[in-house]
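Everything below concerns the one structure shown next.
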Amino acid sequence: MRKLLWLVLVINMLVLLYPSLVSTAETKDRYDYEQTGKAIWDIPTKKPLIALTFDDGPHPIYTEKIMEILDRYDAKATFFVTGEQVEKLPDVVKKAAEHGHEIGNHTYHHVPLLGISKSELRSEIKQTEKLIVEATGVHPRLFRPVAGYYDDVIIETAAEEQYQVIMWSWHQDSRDWANPGVGKIIRNVLPNVHPGDIILFHDAGGKRVQTVQALEVIIPALIEDGYELVTVTDLIKLTNHWTLFEHL
């Protein structure tokens, strides 16, 4: 099992670093996609706004603990949830939405997207969308692909389903998924912060004790530095950034 997990990790890293080597679908440069408004990595702005994002949840323990910290500092975040987890924990997703956090779509099965067909991806998106709507009453409009892998099939299918693809700032992967230690997670984030950043964390997909402990330091430090922590949609709207939302 451990060897299999390492194999999956290696494949995901190859996909992230060298998508052209493993993808049969066309993959443009990120800036080409950003020009269309169909995908965003971060927002060019001088306004002191940052979006914290959390993948793979909800989780019965860690999502709740993260929300407690966010509430303490009146901070908002965006949770990219998987349909499987929403089906198990609809009340957690409902609570997140009620507390002003944003819920994004992260597929149903958290499947690797390399080579996925449009019909398969559409099914993954629609299944999760249905469950989010049932839990929150709100239609999600943000989609984050698994492992950050993207190509034309993924970007265009998401757009056809009226979703904005949201990645994260290349310099703002907390790498908490690797459980590198609380101090390392903090150092991966705080020294590199810029206005308009979209920061990647995880609230599920493994033990996230280190993530929770790191956030106890990261969130108040960002606020002390004058940053407002907002949802991705608010980051887009408050900076008047042109996006696909104008066409929804």
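The values are calculated or read from the model by the stated rules, or taken from the named source; none is laboratory data. These figures come from a predicted structure and were not determined experimentally. Glycine gets a Cβ as well: all are built from the backbone with ideal geometry, and neighbour counts include every protein chain shown. In case anyone asks, the SASA skips ligands and DNA or RNA and just uses the protein heavy atoms, side chains included. Shrake-Rupley method; radii C 1.70, N 1.55, O 1.52, S 1.80 Å.
Can you give the percent of C-alpha pairs in the chain whose distance is more than 24 Å? Roughly 42 percent, rounded to a whole number. Phi angles across the stretch 29-36 convert, under the Karplus curve 6.51 cos²θ - 1.76 cosθ + 1.60 with θ = phi - 60°, into 3J(HN,Hα) values of 5, 4, 5, 5, 5, 5, 5, 7 Hz, Gly and Pro given as x. Please report the net charge: other residues with Cβ closer than 12 Å to the Cβ of R72, K and R +1, D and E -1. Summing Lys and Arg as +1 and Asp and Glu as -1 gives -3. Projecting the Cα atoms of V212, W168, L200 onto the charge dipole of the chain (Cβ charges, centred on the Cα centre) puts V212 farthest toward the positive pole.
For the chain, adding -39500 (n - 2.57) for each run of n ≥ 4 DSSP H residues and dividing by the number of residues yields -13500 deg cm²/dmol at 222 nm. The accessible area of E64, taken with all protein chains in place and a 1.4 Å probe, comes to roughly 50 Å². For the stretch 31-112, the number of Lys pairs separated by eight or more positions or lying on different chains, with C-alpha atoms closer than 19 Å, is 7.
K65 contributes an accessible area of around 90 Å² to the protein surface, as traced by a 1.4 Å probe with all chains present. For the residues H202, H194, a 1.4 Å probe over the protein chains yields an accessible-area ranking, largest first, of H194, H202.
In the complete set of protein chains, residue-level accessible area for R122 is approximately 70 Å², probe 1.4 angstrom. Whole angstrom only: what separates the Cα centroid of the stretch 169-248 from the Cα centroid of the stretch 96-163? If we compute the Cα centre of each part, the gap is 20 Å. Rg of the Cα atoms in the stretch 174-248, relative to 2.2 N^0.38 Å, amounts to 1.25.
The smallest convex shape that holds all Cα atoms of the stretch 25-138, its convex hull, gives 120 Å³ per residue. Each of S117, I132, G148 was placed along the dipole of the stretch 109-158 (beta-carbon charges, centred on the mean Cα), and the one lying farthest toward the positive end is I132.
Charge dipole of the chain (Cα centre as origin; +1 on each Lys and Arg Cβ, -1 on each Asp and Glu Cβ, all else neutral): 520 debye, rounded to the nearest 20. Ligands, DNA and RNA are left out, and with a 1.4 angstrom probe the accessible area of the chain is 47 Å² per residue.
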